[in-house]
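Bear in mind that the values in this text are calculations on the coordinates, not laboratory data. Note that the structure is predicted; figures quoted are calculated from it, not measured. Here the Cβ is made from the backbone with ideal geometry for all residues, glycine too, and neighbour counts use every protein chain on show.
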Amino acid sequence: MKIVGFVGSPRKKGNTTAIVNEVLRGAKDAGAEIKIFNLNELSIRGCQACYKCQTPEGQCVQKDDMATLYDELFSADAIVVGSPVFMFQVTGQMKIFADRLFALLYPKDGKPGNFGNKIKGKKAVAVYSQGQPDTSLFAPQFDLHEGVLGFVGFKVQKRIVAGGMTTPDAARENRSILEKAYAAGADLTK
């Protein structure tokens, strides 16, 4: 089993990364092959709405680092996506990644708005970290983000929201969050 993590944080060693790494550690300890990508370190342009990807075998025509990530998405059995909350929602890095997942769809039977998925039934875990201690405050935004994942064929098994992450090491010092993350990773392998 292969599980790939995608981190949308500009902080390479921040709280979101720590939590995603713990999910992946749980998966690895349960026997999975793991990989992680920091979206901030990659060159990924926004979707250009050219619709060239919209055939069952179609691919995005942009020549950027998303091409590698598409290969990873297709070869993965499950994914972990993580983002800190910036301005009430996922980061711009994660939003561009989510927008480019449009290439995982195609119009079914040639009918606009009736989409088929190039991937189906892959599992996912969504991780969010935020300074705000109220972990329910941004739930509508998390629902939207996970809705995109579901729309393109992923089944989000677990949402992990880490509130009160106001220092760079807050996640590493929060045993409860780390235990939830580790268990979520192990569950992805079942």
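Take every Cα pair under 8 Å whose residues are at least 6 apart in sequence, average their separation, divide by the length of the chain, and the relative contact order is 30 percent. When the chain is treated as a GNM, springs tying every alpha-carbon pair under 10 Å, which of ASN174, ASN15, ASN38 comes out with the largest mean-square fluctuation? Between ASN174, ASN15, ASN38, it is ASN174 that shows the largest mean-square fluctuation.
Taken about its Cα centre, the stretch 32-139 carries a charge dipole of about 360 debye when Lys and Arg each add +1 at the Cβ and Asp and Glu each add -1 at the Cβ. Charge dipole of the stretch 2-188 (Cα centre as origin; +1 on each Lys and Arg Cβ, -1 on each Asp and Glu Cβ, all else neutral): 220 debye, rounded to the nearest 20. Summing Lys and Arg as +1 and Asp and Glu as -1 over all other residues whose Cβ lies under 14 Å from the Cβ of PRO10 gives a net charge of +3. DSSP beta bridges fully contained in the chain are about 15 percent antiparallel. Over 18 Å, how big is the tail of the calculated P(r) for the stretch 1-82, in percent of all Cα pairs? So the pairs more than 18 Å apart make up 49 percent of the total in the stretch 1-82. Neighbours of ILE79 by Cβ distance under 11 Å: Lys/Arg scored +1, Asp/Glu scored -1, total +3. Distance between the C-alpha centres of the stretch 126-174 and the stretch 61-85: 18 Å, rounded to the whole angstrom. The angle between the Cα long axis of helix 66-75 and the main principal axis of the chain comes to about 80°, on a 0 to 90 degree scale.
The Rg/Rh ratio of the stretch 54-162, with both radii computed over alpha carbons and Rh defined as the Kirkwood radius, is 0.99.
As a proxy for reagent exposure, ranking SER136, SER9 by other Cβ atoms within 10 Å from fewest up yields SER136, SER9. Summing +1 for each Lys or Arg and -1 for each Asp or Glu, what net charge is found among the other residues whose Cβ lies under 14 Å from the Cβ of SER136? Every neighbour counted, the sum reads -1.
Going from the fewest other Cβ atoms within 10 Å to the most, the residues LYS118, LYS28 appear in the order LYS28, LYS118.
For the residue pairs LYS63/LYS123; LYS118/LYS190; LYS12/LYS122; LYS28/LYS190; LYS63/LYS122, the alpha carbons lie more than 19 Å apart in LYS63/LYS123; LYS118/LYS190; LYS12/LYS122; LYS63/LYS122. In loop segments of the stretch 37-110 as defined by DSSP, the trypsin sites (Lys or Arg not before Pro) with at most 14 further C-beta atoms inside 10 Å of their C-beta are ARG45, LYS52, LYS63.
Gain on full extension, evaluated as 0.36 nm per residue between GLN141 and ASN117 minus their Cα-Cα distance, stands at 6.3 nm.
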